[in-house]
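**Student:** The following block contains the structure, expressed as structure tokens.
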Amino acid sequence: MDEGTTTCPPSKGTTTCPPSKGTTTCPYCGVGCGVDITFSDGKPSAVAGTRSHPANGGRLCVKGSALHETLGHEGRLLYPQVDGQRVDWDCALDTLAERLAATQREHGQQSVAAYLSGQLLTEDYYVANKLFKGFLGTPHVDTNSRLCMASAVSAYKRAFGADAVPCCYADLECAELVVLVGANPAWNHPVLYQRLKAAKQRNPLLRVVVIDPRVTDSCEIADLYLGIAPGSDARLFTGLLAWMAANGRLDRTYLERHTQGFDQTLSAAREDDVSLAAIAADCDIDPERLETFYYWFASQLHVVTLYSQGINQSSSGSDKCQAIINCHLAGGKLGLPGAGPFSITGQPNAMGGREVGGLANQLAAHMDYDSPGAIDRVTRFWRTPGLTPSLPEGPGLKAVALFEAIERGEIQALWIMATNPVVSLPRADHIKRILAACPLVIVSDCLANAEILEVADIVLPATGWSEKDGTVTNSERCISRQRGLLPPPGEARHDWWALSQVAARLGYAEAFAYHHPAQIFAEHARLSGFENGESPAGAEEAGGPWRVFDISGLADLDREGYDALAPIQWPVNASAPAGTPRLFVDGCFATPDGRARLLPVRPRAPAQALAARYPLRLNTGRIRDQWHTMTRTARAPRLMNHRAEPFVEIHPRDAADAGIRDQQLVELTAPGGRYRARARLAKAQRRGELFAPMHWNAAFSGRAKVNALIQAHVDPLSGQPESKHGAVALRPLPVAWEATLLVADDLAERVDPRPGCDYWARIPLANALRWQLGGAPESAGRDWLAWLAAELPVAVSQWSRDDARGRLRASGIEAGRLRWWLLVGPPASLPALHWLEQRFARGLEGDDRRRVLAGCDSGAEDDGAIVCSCHQVGQRRIVAAIRAGDTSVEALGARLACGTQCGSCQPELKALIEEESAHVDA
Ligand code: SF4
């Protein structure tokens, strides 16, 4: 079908004429900040934090404040495709429905599955869950949230009888002690971190403890840092429980009235040597610091323990979360202002997915398959009786097991929405091969270059942030509206709409007759209250058990009410019409007897064992300025400047042992995977341990999918993979040359310098595309001038060669503007490029031609690597200011503006100040 041929009507966004202002919610992390967007000439021109939003009160981090720069239709997926051919929506939906039905006829109803995402809105999630579980009769619906917080979910359910986060963000501000364990909010939840930092400044008695194998930027506000050995968290907290018991620090009244299981739990903790010396040795920390932590935790009532992927992404993640919860229950540190075990989610709507039942072990609305009467109740609510197939009778396969079932041929069709499992799952490269062999892969996505599209049979263009319309729930159970403010491009459509259309084609039109997300939300809200007692006392009368997740108070919202919905924390029902900031304040839990459960925990080592061949422990994680697989954040060039290339952080002595210098190219290997990146020597790393970011993928670098190095070991209860505990080998990458090539934006698509390179990174800049390249000795003789002449549409204008230093510089200038620029040289000898990149934006003047060829070696205007992304202030300028006497973050802010907007770079500014002071002292 040719470009213009389609029978689809024009796209129907919620709004076809952009307003001058709009309020929505940030699509990145689980903090869930409110965002105000300003439009000019119909285009988003600025963003600001929503002052009235309870999560952020007007703040935004650097990612949030660059949101308007990530919009635009460039690179968007615009049309449906079937088997690589553009088709209209009717054809795509007909084909999709026919193939799904044929798969089920031939291979059984459970041969089809869905893999969803915490990027979806609750309404999309709800419809997907309802279609697959309720009408297709397959339980195999899972989500990438499995990779993020499934262990926290399973622990909350075991301990409290419900997947219910008891705390709220305000608890961080009224606590006496905040323990950050396995979390680096300074980078990953920056606005929440800023709130905590401000609270600490207001109240110097508020203490912060950071527990993490790495010294992260969150240590900036730490009163105590415990750099524990990876995987020793459970031992630390079982030891804490034993210490509390031994030192008379238990809340016996709370334990007796509100819990069960304490005695067995304490006995299990005491199976190990519970002396401080033994625990400190197992955690590889100083016993005095350990005792200080134990004393602080035990002696304060108002303690919040904030934890995230560092705890969850483990083959014993559920038990680690439970060990934390045990200590809170034992001390009665729960259900009070400033107290509780607080799991913070990574994704913007991981919580919404949990609410609808988007995890394979859930059914719907916080009911599991084995919840009493749940299958019957949900069947009656969805009116599926008599339908064939009926609801599944038991849970489905969790993410890793789901893909293994595809490999075995048990699942023959998979619908993937808003996620990229060929990048994010363990054994990422293998996952791609599995999907390539799967008979039917349907992908709903926003972007035309998403790697997952390479394995898709049917492609559906989805709406993206600022076009989607619905709700999300953040880490503190706060439901906020994400509003459709812009019309979708091309034929992009909402996911709930595509799902409903497929449902209609399969004969379920009546049950999926949705015309607006408000209808879906209202149905979701009704289901949450359906036969739900609101409290243990009312359960019998309501005909069902008490379920904490209850938003029945929002079930009657009409469309206007839905559009105007202000952020509100669930439960929202007749008893709590204004929402509920804090749970379990009366000590009554959602278990059959109303008591919370303490459960025995036995610490276990990571399943990925170190060995002579793979002797180093690999920690994977996020970085400050990027989000997930960079599909959105890489569209804002200023977010690419903080860490432009994939990297590995290595302790300097480990680097020396391996013969590796700072900024050298290196390679990590593990069974089935390789990762190539630039070394960053960091004393923040423990010896024998490495850190690598999770973001890079085939769109941005050659071999930098870090999940290709992670083996498929999961927590037995939650199914969450052990992404924080890889076992790898490290070596220098044997490159003989490196090159930097900058190409003006309008020429970028016409040049592909990757062939013949052993390393490449593609780095979008504001006015050009930067390629960072490296090659083995065999390719050192490459004739670059011939290559430039053949590949680039603008001829070589000037070049110089320094054979003694092995350097070649060349550039192409057209009509007084720089069009491309190349430097080839020995490894790790590249200049900073900020100055040069700016020459693509404006014509060359004065001495610029000479300086361009020289690679701006004079450094007069060069800023160095960017530290403050908001104001684009580089390290060189900051160091110069420090040397000139600006030796505080405030002074630097006053002079350079760095650190004055979102504040995310303040820890780095502090570190530079300390580094410079150390030089002076030395
Ligand atoms: S803290 Fe999270 S939700 Fe808030 S602006 Fe930053 S990325 Fe967005």
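The values are calculated or read from the model by the stated rules, or taken from the named source; none is laboratory data. Note that the structure is a prediction, hence the values are computed from the model and not measured. FYI the Cβ positions are ideal-geometry reconstructions off the backbone, even for glycines, and counts take in every protein chain you see. Side chains included, ligands, DNA and RNA excluded: accessible areas come from the protein's heavy atoms. Shrake-Rupley method; radii C 1.70, N 1.55, O 1.52, S 1.80 Å.
**Student:** Restricting attention to region 133-154, does a residue exist that is farther than 21 Å from ARG547 by Cα, at pLDDT 95 or above, buried (at least 24 other Cβ atoms within 10 Å of the Cβ) and in contact with a Lys or Arg (Cβ under 7 Å, 6 or more places away or on another chain)?
**Tutor:** Scanning region 133-154, I find at least one residue that is farther than 21 Å from ARG547 by Cα, at pLDDT 95 or above, buried (at least 24 other Cβ atoms within 10 Å of the Cβ) and in contact with a Lys or Arg (Cβ under 7 Å, 6 or more places away or on another chain), so the answer is yes.
**Student:** Here's a follow-up. Return the pair list, or none, for Cβ contacts closer than 6 Å from residues in region 27-52 that are near the ligand (Cβ under 10 Å from one of its atoms) to residues that are open to solvent by 50 Å² or more (accessible area, probe 1.4 Å), at least 6 apart or on different chains.
**Tutor:** Pairs that qualify, where the first residue is near the ligand (Cβ under 10 Å from one of its atoms) and the partner is open to solvent by 50 Å² or more (accessible area, probe 1.4 Å), are GLY49/ARG59.
**Student:** Further, regarding this structure: Restricting region 489-503 to residues that are open to solvent by less than 10 Å² (accessible area, probe 1.4 Å) and out of contact with any strand residue (DSSP E or B) (no Cβ under 8 Å at 6 or more places or on another chain), which is farthest from LEU554 (Cα to Cα)?
**Tutor:** It comes out as VAL502.
**Student:** What number of residues within region 84-116 are over 22 Å from GLU410 (Cα atoms), in contact with a strand residue (DSSP E or B) (Cβ under 8 Å, 6 or more places away or on another chain) and outside any helix (DSSP H, G or I)? Give the derivation first.
**Tutor:** As a first pass, look at region 84-116 and keep what is over 22 Å from GLU410 (Cα atoms): 84-94.
Of the ones still in play, those that are also in contact with a strand residue (DSSP E or B) (Cβ under 8 Å, 6 or more places away or on another chain) are 87, 89, 91-92.
Filter once more, keeping what is outside any helix (DSSP H, G or I): 87.
Count: 1.
**Student:** Give VAL714, VAL728 a once-over and let me know the one that is within 30 Å of ALA656 (Cα to Cα) and crowded, with 22+ Cβ neighbours inside 10 Å.
**Tutor:** Working: VAL714 fails: within 30 Å of ALA656 (Cα to Cα).
Result of the check over VAL714, VAL728: VAL728.
**Student:** Give region 787-825 a look and list any residue that's within 16 Å of ALA744 (Cβ to Cβ), in a helix (DSSP H, G or I) and open to solvent by 40 Å² or more (accessible area, probe 1.4 Å), or say none.
**Tutor:** Once the filter is applied, which keeps residues that are within 16 Å of ALA744 (Cβ to Cβ), in a helix (DSSP H, G or I) and open to solvent by 40 Å² or more (accessible area, probe 1.4 Å), region 787-825 yields only GLU791.
**Student:** Just need a number here: residues in region 371-409 that are open to solvent by 80 Å² or more (accessible area, probe 1.4 Å), touching a residue at least 12 places away in the same chain (Cβ under 8 Å) and farther than 30 Å from CYS438 by Cα.
**Tutor:** The total comes to 2.
**Student:** Can you find a residue that is among the β-branched types (Val, Ile, Thr), modelled with pLDDT of 85 or more, closer than 23 Å to ASN184 by Cα and surrounded by 21 or more Cβ atoms within 10 Å (Cβ to Cβ) anywhere in region 859-870?
**Tutor:** Yes, region 859-870 has at least one match.
**Student:** Then there is this: Under the condition of being more than 25 Å from PRO421 (Cβ to Cβ) and part of a loop (DSSP other than H, G, I, E, B), which residue from region 144-166 is farthest from the chain's Cα centre (by Cα)?
**Tutor:** Restricting to residues being more than 25 Å from PRO421 (Cβ to Cβ) and part of a loop (DSSP other than H, G, I, E, B), the top hit is GLY161.
**Student:** Have a look at ARG762, ARG851, ARG842, ARG805 and point out the one that is out of contact with any helix residue (DSSP H, G or I) (no Cβ under 7 Å at 6 or more places or on another chain) and over 27 Å from ARG643 (Cα atoms). Walk me through how you get there before you give the answer.
**Tutor:** On the way: ARG762 fails: over 27 Å from ARG643 (Cα atoms); ARG851 fails: over 27 Å from ARG643 (Cα atoms); ARG842 fails: over 27 Å from ARG643 (Cα atoms).
On inspection, the qualifying residue turns out to be ARG805.
**Student:** Please go through region 51-60 and give me each residue that is within 17 Å of ILE479 (Cα to Cα), out of contact with any Pro (no Cβ under 8 Å at 6 or more places or on another chain) and surrounded by 23 or more Cβ atoms within 10 Å (Cβ to Cβ), ordered by number.
**Tutor:** In the first step, residues of region 51-60 are kept if they are within 17 Å of ILE479 (Cα to Cα); the result is 51-57.
Going one step further and asking which of them are out of contact with any Pro (no Cβ under 8 Å at 6 or more places or on another chain), we end up with 51-52, 56-57.
Answer for region 51-60, where residues must be within 17 Å of ILE479 (Cα to Cα), out of contact with any Pro (no Cβ under 8 Å at 6 or more places or on another chain) and surrounded by 23 or more Cβ atoms within 10 Å (Cβ to Cβ): just ASN56.
**Student:** I'd like the full set of residues that are in a loop (DSSP other than H, G, I, E, B), open to solvent by less than 10 Å² (accessible area, probe 1.4 Å) and within 16 Å of the ligand (Cβ to nearest atom), limited to region 581-635.
**Tutor:** If the condition is that a residue be in a loop (DSSP other than H, G, I, E, B), open to solvent by less than 10 Å² (accessible area, probe 1.4 Å) and within 16 Å of the ligand (Cβ to nearest atom), then ILE623, ARG624, ASP625, GLN626, MET630 are the ones that fit.
**Student:** Run down ALA511, ALA518 and say which single residue is open to solvent by 20 Å² or more (accessible area, probe 1.4 Å) and not in a loop (DSSP other than H, G, I, E, B). First the steps, then the outcome.
**Tutor:** Numbers: ALA518 fails: open to solvent by 20 Å² or more (accessible area, probe 1.4 Å).
Residue meeting the stated conditions: ALA511.
**Student:** Taking the condition of being closer than 18 Å to LEU196 by Cβ and not charged (D, E, K, R), how many residues in region 45-77 meet it?
**Tutor:** 11
**Student:** Would you call GLU467 open to solvent by less than 30 Å² (accessible area, probe 1.4 Å) and either of a type in the set (Phe, Trp, Tyr) or closer than 30 Å to GLU749 by Cα (or both)? Steps first, please.
**Tutor:** Details: open to solvent by less than 30 Å² (accessible area, probe 1.4 Å): yes; either of a type in the set (Phe, Trp, Tyr) or closer than 30 Å to GLU749 by Cα (or both): yes.
Criteria met by GLU467.
**Student:** In region 460-503, which residues are in contact with a helix residue (DSSP H, G or I) (Cβ under 7 Å, 6 or more places away or on another chain) and closer than 17 Å to TYR28 by Cα?
**Tutor:** ASP469, GLY470, THR471, VAL472, THR473, ASN474, SER475, ARG477
**Student:** Does at least one position in region 61-68 carry a residue that is more than 16 Å from MET630 (Cα to Cα), without any contact (Cβ under 8 Å) to a residue 40 or more places away in the chain and either within 16 Å of the ligand (Cβ to nearest atom) or open to solvent by 60 Å² or more (accessible area, probe 1.4 Å) (or both)?
**Tutor:** Taking every residue of region 61-68 in turn, none turns out to be more than 16 Å from MET630 (Cα to Cα), without any contact (Cβ under 8 Å) to a residue 40 or more places away in the chain and either within 16 Å of the ligand (Cβ to nearest atom) or open to solvent by 60 Å² or more (accessible area, probe 1.4 Å) (or both).
**Student:** So, in region 83-99, exactly how many residues are crowded, with 17+ Cβ neighbours inside 10 Å and not aliphatic (A, V, I, L, M)? Working first, answer last.
**Tutor:** Kept after step one, since they are crowded, with 17+ Cβ neighbours inside 10 Å, are these residues of region 83-99: 86-89, 91-93, 95-97, 99.
Now restrict to residues that are not aliphatic (A, V, I, L, M): 86, 88-89, 91, 95, 99.
Final tally of qualifying residues: 6.
**Student:** Name the single residue that is most open to solvent (accessible area, probe 1.4 Å) among those in region 69-82 being assigned to a loop (DSSP other than H, G, I, E, B) and away from the ligand (no atom under 16 Å from the Cβ).
**Tutor:** Here the answer is GLU74.
**Student:** Now for a different question. Yes or no: region 109-126 includes at least one residue that is more than 25 Å from ALA150 (Cα to Cα), open to solvent by 10 Å² or more (accessible area, probe 1.4 Å) and more than 25 Å from the chain's Cα centre (by Cα). Steps first, please.
**Tutor:** Pass one, region 109-126, residues more than 25 Å from ALA150 (Cα to Cα): 109.
If we keep only those that are open to solvent by 10 Å² or more (accessible area, probe 1.4 Å) as well, we get 109.
Subsequent filtering for residues that are more than 25 Å from the chain's Cα centre (by Cα) retains 109.
Yes, some residue in region 109-126 is more than 25 Å from ALA150 (Cα to Cα), open to solvent by 10 Å² or more (accessible area, probe 1.4 Å) and more than 25 Å from the chain's Cα centre (by Cα).
**Student:** Something else: Residues that are touching a residue at least 40 places away in the same chain (Cβ under 8 Å) and over 23 Å from GLY335 (Cβ atoms): find the helices (runs of 4 or more DSSP H) completely inside region 207-307 holding 2 or more of those. If you could, list the steps in order and put the result at the bottom.
**Tutor:** Values: elements: 233-246, 252-258, 262-269, 276-283, 287-299.
Result: 233-246, 262-269, 276-283, 287-299.
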